[in-house]
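Participant: The structure that follows is given in the form of structure tokens.
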Amino acid sequence: MSSPVARAGHTVAAELVAAVLTVEVVAGDAVVATDEVVVLESMKMEIPVLAEVDGVVAEVVVAEGDVVSEGDPLVIITPARGASPS
């Protein structure tokens, strides 16, 4: 079951199994599409994860050192007016 925040916002999800190397945002930060929100590490490669919509970070779901699987939520963004959540 998703949280109320997740239902109202845009979820930035992991695209592969990886470790969370760094979290670049905190709840309340304004972001624009293409801002780096998390850096994952897989097979000794750093993979930046970017915001996909303009808005405000509503929730950071992961912490540095967490291991995530494909599809796991990383960050929830409340879209700016005019942007539609997915």
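Participant: For segment 30-86, enumerate the residues that are under 12 Å from the mean Cα position of the chain (by Cα), touching a residue at least 24 places away in the same chain (Cβ under 8 Å) and exposed (fewer than 13 other Cβ atoms within 10 Å of the Cβ).
Facilitator: Selection gives Ala63, Gly71.
Participant: Given the criteria touching a helix residue (DSSP H, G or I) at 6+ places or on another chain (Cβ under 7 Å), on the phi < 0 side of the Ramachandran plot and modelled with pLDDT of 95 or more, does Pro73 qualify?
Facilitator: Details: touching a helix residue (DSSP H, G or I) at 6+ places or on another chain (Cβ under 7 Å): yes; on the phi < 0 side of the Ramachandran plot: yes; modelled with pLDDT of 95 or more: yes.
Criteria met by Pro73.
The values are calculated or read from the model by the stated rules, or taken from the named source; none is laboratory data. All of these numbers come straight from a predicted model, not from anything done at the bench. As a convention, Cβ positions derive from the backbone with ideal geometry for all residues, glycine included, and neighbour counts pool all protein chains shown.
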